[in-house]
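Read through the structure below, which is laid out as C-alpha cells, and then see the notes.
The values are calculated or read from the model by the stated rules, or taken from the named source; none is laboratory data. Predicted, not measured: the structure shown is a model, and the values here were computed from it. As a convention, Cβ positions derive from the backbone with ideal geometry for all residues, glycine included, and neighbour counts pool all protein chains shown. Accessible surface is based on the protein model in full, side chains and every heavy atom, while ligands, DNA and RNA are left aside. Shrake-Rupley method; radii C 1.70, N 1.55, O 1.52, S 1.80 Å.
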Amino acid sequence: MKKLNYILLLIACTFTQAQVMITAGTTATPSPNRDAALELYSQNRNKGLLMPKVSLTATNNPSPLPSHIAGITVYNTNTATATALTSVTPGFYYNDGTSWNKLEVQTPTVGDIKHSSTATDHEGWYLLNGRSVSTLPSVAQTNATSLGFSTVLPDSSNKFLKAKSASETLGTTSGSTSVTLARANLPNTTYNATTTSDGAHTHTYNDRASGITNSIEVGSNRTVVDNDSETSTTSSAGAHTHTYNLSTGGSSTPLNLTPKYLSTYIFVYLGQ
C-alpha cells in the first residue's frame with residue numbers, strides 16, 4: 001500500500017477537457033496547456049522523458065515490433081551493419097509505416113560547399129577568399145590539402161560556382177569578360193545614314209510591273225493594261241551618294257550579368 005501511495009505521489013494525472021498532465025515530484029496539480037493532448041511537468045525542472053529502449057535489427061525490419069507502425073518513436077540500443085542501406089546504430093528512431101528512420105542532425109562532410117550571408121569563418125566553414133592554406137588551423141590545413149588545396153584556397157570573390165564534371169579540376173576558375181548581345185538587347189532605334197560617293201555607277205531596276213495600272217493622260221485617268229515587264233539598267237550617272245535608314249529591331253531587353261548567388265559568400269567545410 002505504501003508503494004502504491006508513493007507512485008501516486010510522484011505521478012499524478014489530471015484530466016481536464018480530455019487533456020492529460022503528468023506531474024513528477026509534487027502533489028500539486030498545475031493546469032495543463034490547453035493546446036496539448038499530453039503534457040509532462042517536472043516541479044524541480046530536473047526530470048526528463050525516457051523513451052522506451054529497444055534493440056532494432058535493421059531499418060526495414062519492424063522487430064521487435066510485430067509490424068511497422070507509423071509514428072512510433074523508440075531509442076535503439078543495438079548496432080547492426082549487415083548492409084549499409086539498412087544498418088542501425090544507437091539513437092532515436094521513428095517509424096514511418098514502412099521502415100525505421102534515425103532522428104539525427106546531418107553534419108557536413110569535408111569538401112561541402114555552401115552560400116551564406118555570413119562574411120567570416122564559422123563552425124568549420126571557411127571562406128573561399130584566396131588566402132594561404134598555411135593560415136588555417138591544423139585540422140583545416142590537413143583537410144584542405146586532401147581536397148587539392150595545398151597552397152591557397154580558391155578565391156570566390158565576384159565569382160559563382162557551377163556543377164563540377166569529371167573532366168574539371170577542383171578549384172579551377174574560368175570565365176569571360178565579354179558577352180554577346182542578342183538583337184532584343186539592342187535599343188529600339190532607327191538609324192539614318194548616307195553612303196559615301198562611290199564613283200560613276202549604274203543601277204538595275206524593274207521597268208514596269210506586269211498587270212493593270214492607272215495612267216493620267218490628257219488631264220483624265222485611264223486604265224492601261226501592261227503585261228510586259230523587263231529589268232533594265234540605268235546609264236552611268238556619275239559619282240553620287242544614297243541615303244537610307246535602318247531599324248535595329250531591338251526592344252531594349254536588359255542583360256542580367258550578376259547571378260543571384262554573387263551577393264553571398266561562398267564557404268567550404270574543412271572541419272573543426
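Contour minus end-to-end for Leu147 and Thr241, with contour as 0.36 nm per residue of separation and end-to-end as the Cα-Cα distance?
Stretched fully, the Leu147-Thr241 segment lengthens by 27.1 nm.
Could you compute the FRET efficiency for Ser134 and Thr79, with r as their C-beta to C-beta distance and R0 at 45 Å, rounded to 0.05?
It comes out at approximately 0.65.
Using 0.36 nm per residue of separation minus the Cα-Cα distance, give me the extension gain between Asp96 and Asn192 in nm, one decimal.
Extra length available between Asp96 and Asn192 comes to 27.3 nm.
With an 8 Å Cα cut-off and a minimum separation of 6 or more residues, compute the relative contact order for the range 36-113 in percent.
Relative contact order for the range 36-113 comes out at 26 percent.
In nm, to one decimal, how far is the modelled label at Thr89 from the one at Thr234, with both set 7 Å along Cα→Cβ?
Each label point lies 7 Å from its Cα, and together they span 8.9 nm.
Simple spin-label model, 7 Å along Cα-to-Cβ: Asn60 to Thr107 in nm?
Simple spin-label model gives 2.8 nm for this pair.
Using the heavy atoms of the protein chains and a 1.4 angstrom probe, tell me the accessible area per residue for the range 46-125 in square angstrom.
Normalised by residue count, the accessible surface of the range 46-125 is 64 Å².
What spacing in nm lies between the two simple spin-label points modelled at Asn185 and Asn33, each 7 Å away from Cα in the Cβ direction?
Going by the 7 Å Cα→Cβ label model, 5.6 nm.
Share of the range 51-157's accessible area from carbon and sulfur, percent, 1.4 Å?
Here carbon and sulfur together make up 55 percent of the probe-accessible area.
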